[in-house]
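The values are calculated or read from the model by the stated rules, or taken from the named source; none is laboratory data. This is a predicted model, so every value here is computed, not measured. Note that we place each Cβ from the backbone using ideal geometry, even for glycine, and neighbour counts take in every protein chain shown.
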Amino acid sequence: MIDWVLCVLVASIFADPVHDGWAPVLVLVAEYGFFIGLFAQTPGMYLTRIRCVDWSSGGRLGVLRALLRGGMLALVIPALIMDADRRGLHDRAAGSVVTPVVR
């Protein structure tokens, strides 16, 4: 929810999010690609103390896999179908998992 509000605010700079529904979605996919790909967390994930990492190594995903994950998440349906490890189709396709931050 935090990330979505940020995306709507950013999208309002170059489009009307109410009439151009694609704009916040495009910003969300770009946000996921940048923040998850490079830092393993979006601003919303940072505030809620979770992160998205590689399923096998626990490292960063990289920008391309994070963009794939964000693009699939924009379709909504992949996030609703989860396996026993609580990984949605978007996580399985990107080889990622969301975990709590251990400090």
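Given the condition assigned to a helix (DSSP H, G or I), in contact with a Ser or Thr (Cβ under 8 Å, 6 or more places away or on another chain) and free of Cβ contacts under 8 Å to residues at least 60 places away in the same chain, answer yes or no: does some residue in the stretch 48-60 qualify?
Checked the stretch 48-60: no residue is assigned to a helix (DSSP H, G or I), in contact with a Ser or Thr (Cβ under 8 Å, 6 or more places away or on another chain) and free of Cβ contacts under 8 Å to residues at least 60 places away in the same chain.
Looking only at the stretch 84-103, how many residues end up being out of contact with any Asp or Glu (no Cβ under 9 Å at 6 or more places or on another chain), surrounded by fewer than 11 Cβ atoms within 10 Å (Cβ to Cβ) and not small (Gly, Ala, Ser)?
Result for the stretch 84-103: 4.
What pairs come up if the first residue lies in the stretch 67-81 and is under 16 Å from residue 54 (Cα atoms), the second is of a type in the set (Asp, Glu) and surrounded by 18 or more Cβ atoms within 10 Å (Cβ to Cβ), and their beta carbons are under 9 Å apart, counting only those six or more places apart or on different chains?
Pairs found: 69/91; 70/31.
Counting only residues that are free of Cβ contacts under 8 Å to residues at least 40 places away in the same chain, in a helix (DSSP H, G or I) and more than 9 Å from the chain's Cα centre (by Cα), how many does the stretch 16-45 have?
Count: 9.
Kindly list the number of the only condition in (1) more than 15 Å from residue 99 (Cβ to Cβ); (2) outside any helix (DSSP H, G or I); (3) at pLDDT 95 or above; (4) not hydrophobic (A, V, I, L, M, F, W, C) that fails for residue 65.
(2)
Being under 11 Å from the mean Cα position of the chain (by Cα) and farther than 19 Å from residue 7 by Cβ narrows it down to one of 86, 65, 92, so name that one.
65
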